[in-house]
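Scroll down for the structure; my scribbles are underneath it.
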Amino acid sequence: MKRSYLGEFEEIVLLTVAVMEGQAYGVAITHEIIEQTGRAVRLNQIHAALDRLEDKGMVKSEMGEPTAERGGRRKRLFTVTAYGRRTLQEIQEVRVSFWDRLLSPLKPATSL
Amino acid sequence: MPCLYKRKTMNPPRLADRLLRLFCASDRLEEVQGDLHEEFTYQLRRIGQRRARWRYWWDVVGFISPFAIRRETKAYSIPNSIHPMMIRNYLKIAFRSLAKNKVYSFINIGGLAVGMAVALLIGLWVYDELTFNAYHKNHDRIARVVHQRTVNGEILTTQGIPIPVAKVLQNEYGTDFRHVTLSSWNTRHMLTFGDTKFTKMGAFMTPDAPELLSLKMIKGSPSGLQQSSSILLSESVAKALFGSTDPLDKLIKIDNNLDVKVTGIYEDIPYNSEFQDLRFIAPWDLYVASTDWVKKANDENEWGQNSFQLFVQLAENVNPAAVSEKIRLIKQQKGGADEVKFQPEIHLYPMNRWHLHTDWVNGENEGGRIEFVWLFSCTGLFVLLLACINFMNLSTARSEKRAKEVGIRKAIGSLRRQLISQFLSESFLVVGLSFVLALLMAQLTMPFFNDVADKQMTMPWLSPFFWLAGLSFCLITGLLTGSYPAFYLSSFQPIKVLKGTISGLRFGRMAGLPRKVLVVMQFTVSITLIVGTVVVYRQILHAKNRPIGYNREGLVMMHMSTPDIHDHFDAVRDELTKSGTVLALAESMSPATDVWSNNTGFNWKGKDPALQTDFATIGVSHDFGRTVGWKFTDGRDFSRAIQTDSSGFVLNEAAVKFMGLKRPVGQIVQWGDRSFKVIGVVKDMLMSSPYDPVKQTIYFIPRRAANFVTIRINPASSANEALQRIEVVFKKYNPSSPFNYDFVDTEYALKFAAEERIGKLASVFATLAIFISCLGLFGLASFIAEQRTKEIGVRKVLGASVLNLWGLVSKDFVVLVIIAFGIATPIAYNFLNKWLQKYEYRTDISWWIFAATGAGALFITLLTVSFQSIKAALVNPVKSLRSE
């Protein structure tokens, strides 16, 4: 099966979902990404990315419990599918193999 | 209060929320809104209320993007409602529902098909009428020259034109006309080739006739008419005369004395042309050269011989009205003193009006067949309308039953669009089936219709216009009739329908009103048509029963194209009367059923000088009165024994009245330079139209050969035997002519053909209209009886009799029919009164026609409704009340 390619942003979202292990939903993911990367991410971008990932079959979702701060509305909780996990691994492997072949590993620019 | 304040400020902006609800897909709304609210709460703590609210707006707007926007197809996987599979399903359901309600389906499809077939036939008829004469390529530039004279204050329009008019038009107004064509009357002539002889219609015409009529030449050329000894034959005549041999250059004889050579064959002129029976064209010059009186009329100064037809084709870019005005007075200006006293005018009568605008009333060309075109178009539309009304009526009536179906379909998940498609496809199916059936019916009834309407029409199977019209009609009807159930029923809320509240609310008294209006309309049309039919028939009967002044039983007449019989008339008479099969025979200048000759220029003692004398003048031989059976009121018949009778007149009663004579017999009447003595007065003999008063007529003994022989067959011998006998004698003295005869009573009956045609068509339409209306009524009654099953059951339990119940159900319909009757009466009366005004001799519209029609309509209604109402009333209440 030909693998679907992930965009950089999608990859980050997918990783975040994987990291959050069953507690991943729109707002939580947004906050996590802002915290971890410092990017200015908007809620709708996260939703769009999740939608694409679900289309590609890399995450699946189910409705969770309602909470008061959501006005009694339920969350949609995302988990990474086996296919999504494998995709992440493959990306990682490709990167590692490139890093391994790099003879003089890149140093932070501060040394210059 | 603070609580309210707090709640208000703590919440995200409502307007933004509403916006979100508006565009966001419903299946996503919950999580998106939840996330947005959670984020708002978070931001509220972090950056304060005002900025959090702004941010909320900003976030909501961010969601206006393709993935989140409402898309119904994304919600569930719903097949496209015009997917082939769905259409198959719609049709299957439609067929099932048709098969389930066989009676309704029959009424719908059958009624609509009949309506469509009628509309189709009438449409074809109207098209045929409107394209009459279109065979002639220049039909919009061709005109007939007509002649108008003022006689006793009334303008008479006739088609006879003297030859000098043609010459003036050609010589002085030549630039206005492309062709000026003189023609003799299209009459029967005998054509002989060797031993083959036929009597065919034809005329003598000037050489540009083929071009004027745009005849299509099959063989030879039209230029033959320039020589005086040639003839053009139509294809069918050529085939009859020569069979398969080449007809060109063959020599034939006209009326056994004119030798002509066939120089051209033209395609038969089709049935829907004024010249349909112009079977041959002989050269005008031959006519002039061979006929003495025409030779005389050919003189430049003979303005009084109004005996010829004149056709013109206008030049391009010439205004017909202007030309007509230009030539209007030429006869007055050039004709001399004799002409001026009648103020003669000539006008152009355009070919496009010939067929449909036939009537001339006081010099104005108004009305005629066009009235029937209108009448029948309206009738056709009405019959079709009736059928469509049935369809809609039954659809609405049945909608209550379908309401539950709609509810369940919706509950299971049907979309409105699908329901609309379903109902529309059902109505299209019915319309489609009806259309096919209508085509079939039209094809099957075409021969009958052609016969009644005197047409030669065929179904235009290959005409794209026909199919376009037919299919677009189907589309419109399908949409119109299907739209009510489709759009109305599909709007029901399933929960209400299934609870049953809809039936109580929406199908109440008011809901039935449009249905009632439609029924009233149907019966108005039907009753009007029936009254119309009755009156038309009564008018025909009235005219048929009119005293005709002679006895037409066993009377045979023959048209003579050669003088042979006239020359041996005494011998013929002797032989025939001696044989005992014939009582009497005589010659005349007009057939017994028509007046061929009118004259002016009479004078008598005591004549009012202002009176312009216009008489029908019929030359007859001595025994004419005895042959046809004149009834004398005064004086005596012509007698062979009295020599002076050759200058004697027999007048009819109308003439005596017209002349104002107290003692007509013995009166001397001047005619030109001869004086005649009145020897007898007969009862009016009806010779022309049975609807007009009999014209003042003079019978006299002519000097030249007459064109008709009339024979009274001895009632003691059979007509067949007598005719054989007559043929033998005629062949003996006139061996060259074929033996053709007409019975006077059949010829006389032809005078009623037009009216009988209308009568027949009207009765067919009236029958169909009432049939379709009754079909609809039957369906409605059965529906109402079904709807009131429980009510009837309860009433029965409480002691109502069958009669009571019958009255209960029937009453509504009877009221509707009575209302329809009230509307139809004045309409029919006005319309028919106007129609009858056309006839001088007419029946009256008596009240009993309306009474009888009303009673009949009521009776038929009761019959139709009773079947259902009695059926409903007879049902055992146990059964009807148990049903739930």
Take the residues in the range B:387-411 that are hydrophobic (A, V, I, L, M, F, W, C) and under 30 Å from residue B:766 (Cα atoms); name whichever of them is modelled with the lowest pLDDT.
B:397
Single condition residue B:767 does not satisfy, out of (1) under 39 Å from the mean Cα position of the chain (by Cα); (2) touching a residue at least 40 places away in the same chain (Cβ under 8 Å)
(2)
Does any residue of the range B:533-544 turn out to be loosely packed, with under 15 Cβ neighbours inside 10 Å and modelled with pLDDT under 85?
no
Picked from the range B:583-598 (must be small (Gly, Ala, Ser) and in contact (Cβ under 8 Å) with a residue 60 or more places away in the chain), the residue nearest to residue B:706 (Cα to Cα) is B:588
Is at least one residue of the range A:54-68 away from chain B (no Cβ under 11 Å), part of a helix (DSSP H, G or I) and exposed (fewer than 13 other Cβ atoms within 10 Å of the Cβ)?
no
Among the listed residues B:178, B:188, which satisfies the condition of being farther than 21 Å from residue B:286 by Cβ and either part of a strand (DSSP E or B) or in contact with a Leu (Cβ under 6 Å, 6 or more places away or on another chain) (or both)?
B:178
Hey, among the residues in the range B:627-646 that are in contact (Cβ under 8 Å) with a residue 40 or more places away in the chain and among the hydroxyl-bearing types (Ser, Thr, Tyr), which one's surrounded by the most Cβ atoms within 10 Å (Cβ to Cβ)?
B:627
Could you tell me which residue of the range B:12-24 is farthest from the other protein chains (Cβ to nearest Cβ), considering only residues that are surrounded by 16 or more Cβ atoms within 10 Å (Cβ to Cβ) and not in a helix (DSSP H, G or I)?
B:24
Considering A:72, A:22, which residue is in a loop (DSSP other than H, G, I, E, B) and facing another protein chain (nearest Cβ under 9 Å)?
A:72
Residue count for the range A:29-52, restricted to those that are within 9 Å of chain B (Cβ to nearest Cβ) and touching a residue at least 40 places away in the same chain (Cβ under 8 Å)
1
Give the residues of the range B:162-175 that are in contact with a helix residue (DSSP H, G or I) (Cβ under 9 Å, 6 or more places away or on another chain) and either buried (at least 21 other Cβ atoms within 10 Å of the Cβ) or in a helix (DSSP H, G or I) (or both), sorted by residue number.
B:162, B:163, B:164, B:165, B:168, B:169, B:172
Looking only at the range B:219-252, count how many residues are assigned to a helix (DSSP H, G or I) and under 18 Å from residue B:196 (Cβ atoms).
8
Filtering the range B:33-72 down to residues that are hydrophobic (A, V, I, L, M, F, W, C), at the interface with chain A (Cβ under 8 Å from one of its Cβ atoms) and farther than 16 Å from residue A:41 by Cα yields B:67, B:68
List, please: which pairs have Cβ atoms under 9 Å, are six or more places apart or on different chains, and start with a residue in the range B:1-25 that is closer than 17 Å to residue B:44 by Cβ and end with one that is at pLDDT below 85 and aromatic (Phe, Trp, Tyr)?
none
Given (1) in contact with an Asp or Glu (Cβ under 9 Å, 6 or more places away or on another chain); (2) in a helix (DSSP H, G or I), where does residue B:839 come up short, assuming only one miss?
(2)
Subset of the range B:554-591 (residues that are farther than 17 Å from residue B:187 by Cα and either basic (Lys, Arg) or assigned to a loop (DSSP other than H, G, I, E, B) (or both)):
B:554, B:568, B:573, B:578, B:580, B:581
For the structure I just gave you, tell me whether residue B:161 is within 30 Å of residue B:768 (Cα to Cα) and in contact with a Phe, Trp or Tyr (Cβ under 6 Å, 6 or more places away or on another chain).
no
Every residue in the range A:75-108 that is hydrophobic (A, V, I, L, M, F, W, C), without any contact (Cβ under 8 Å) to a residue 12 or more places away in the chain and not in a helix (DSSP H, G or I), please.
A:102, A:103, A:106
If we scan the range B:761-775, do we find a residue that is in contact with an Asp or Glu (Cβ under 9 Å, 6 or more places away or on another chain), surrounded by fewer than 17 Cβ atoms within 10 Å (Cβ to Cβ) and at pLDDT 85 or above?
no
Selection within the range B:412-447 - aromatic (Phe, Trp, Tyr) and modelled with pLDDT of 90 or more:
B:435
What are the residues in the range B:814-861 that are surrounded by fewer than 15 Cβ atoms within 10 Å (Cβ to Cβ) and either outside the structural domain of residue B:533 (by TED's automatic domain parsing) or among the polar types (S, T, N, Q) (or both), if any?
B:830, B:833, B:837, B:846
Consider the range B:432-457. How many of its residues are more than 22 Å from residue B:472 (Cβ to Cβ) and either in contact (Cβ under 8 Å) with a residue 12 or more places away in the chain or surrounded by fewer than 15 Cβ atoms within 10 Å (Cβ to Cβ) (or both)?
12
Residues in the range B:628-639: is at least one of a type in the set (A, V, I, L, M), out of contact with any strand residue (DSSP E or B) (no Cβ under 6 Å at 6 or more places or on another chain) and in a helix (DSSP H, G or I)?
yes
Any residue that is out of contact with any Phe, Trp or Tyr (no Cβ under 9 Å at 6 or more places or on another chain), free of Cβ contacts under 8 Å to residues at least 60 places away in the same chain and surrounded by fewer than 22 Cβ atoms within 10 Å (Cβ to Cβ) - is there at least one of those in the range B:135-152?
no
Checked the range B:526-568 for anything of a type in the set (Ser, Thr, Tyr) and within 33 Å of the chain's Cα centre (by Cα); matches are B:526, B:528, B:533, B:537
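The values are calculated or read from the model by the stated rules, or taken from the named source; none is laboratory data. All of these numbers come straight from a predicted model, not from anything done at the bench. Cβ sites come from the backbone with ideal geometry, for glycine too, and all protein chains shown count toward neighbours.
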